[in-house]
Amino acid sequence: VFLGLQVAVAVPFLGFWREYLGRAFEFGRVFTWKWSVNWAMLSEEVFVRKELAWALLAAHAVVLVFFGNLRWANMKRGFLDVVLFKNSVPLTADFVVTVLFTCNFIGICFARTIHYQFYSWYCQTLPFLLWRTNYPTWLRLVILAVIEVVYNVYPPHPVAAVLLHICHFAILTGVWMSQRGSLLPASSHDRDVEPITSKSD
């Protein structure tokens, strides 16, 4: 459904497919270091290097694959079998929200740059993600408070950028380590959900 919608939206532009893909995935774009909240601790010379951009993209992809295979699928043959409906998958609202929010957050963690307005992309998801972890409540609240302070520091500051990465890493690690972040539900109410199976079953 999602893929079909993307293709349908793109159809009017496919006559100019080179320009369309070039602008949709503008890997050569150079961002403004001055407004980078997450990489303020780097020098501008390092920030604009293509090697940094490709390293972040590679790390982003690797982390998505790890989460997909070891947390969201958690099956013998991994995420591909889930996509192809070769295994029964308990699909709950809780699982869907967890995957969507975690995917978005992974993108934030490895973003080429984060400006102040980008906080609106994920600030509403942070409480949910933090409560997916096994952290004590006081630590969850501290992480939320630190992230809020970071986005209220102007102009971007190296110390604030480091704190932001620490908080992001803590959340991502907490979601990874928590069994509640995996696809296979452990709670009793999730076990009663009708699984999605292939038609051949």
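The values are calculated or read from the model by the stated rules, or taken from the named source; none is laboratory data. In this text, all values refer to a predicted model and were calculated from it rather than measured experimentally. For neighbour counting, all protein chains shown are included, and Cβ atoms are generated from backbone atoms with ideal geometry for every residue, glycine included. Each accessible area value is taken on the protein alone, full model and side chains, heavy atoms only, with ligands, DNA and RNA left out. Shrake-Rupley method; radii C 1.70, N 1.55, O 1.52, S 1.80 Å.
Rounded, prolate or oblate: which fits segment 97-158 when a ≥ b ≥ c are the square roots of the eigenvalues of the alpha-carbon gyration tensor, with rounded for a/c under 1.5 and prolate only if a/b beats b/c? Oblate, since a/c reaches 1.5 and b/c is not below a/b.
Ordering L172, L141 by accessible area with a probe of 1.4 Å, largest first, what comes out? All intermediate terms of the calculation are to be shown ahead of the outcome.
Details: L172 25, L141 95 Å².
I get L141, L172, largest accessible area first.
Between E148 and Q6, what FRET efficiency follows from the Cβ-Cβ distance if R0 is 30 Å, with the result rounded to 0.05? Calculated value: 0.35.
Of the residues F13, F67, F169, F128, the one with the largest accessible area comes first in the ranking F169, F13, F128, F67, computed with a 1.4 Å probe on protein heavy atoms.
Contour minus end-to-end for K34 and C103, with contour as 0.36 nm per residue of separation and end-to-end as the Cα-Cα distance?
Details: separation 69, 0.36 × 69 = 24.84 nm, distance 2.70 nm.
Length gained, K34 through C103: 22.1 nm.
Determine the order of W33, W121, W131 by accessible area, beginning with the largest, at a probe radius of 1.4 Å. Provide the component values of the computation, followed by the final result.
Numbers: W33 80, W121 145, W131 105 Å².
Result of the area sort, largest leading: W121, W131, W33.
Taking label positions 7 Å along the Cα-Cβ direction at both S43 and F118, the computed distance is 2.2 nm, reported to one decimal.
At a Förster distance of 41 Å, what's the computed FRET efficiency of V162 paired with W17, Cβ-Cβ distance as r, to 0.05?
Values: r = 41 Å, r/R0 = 1.00.
Here the calculated transfer efficiency is 0.50.
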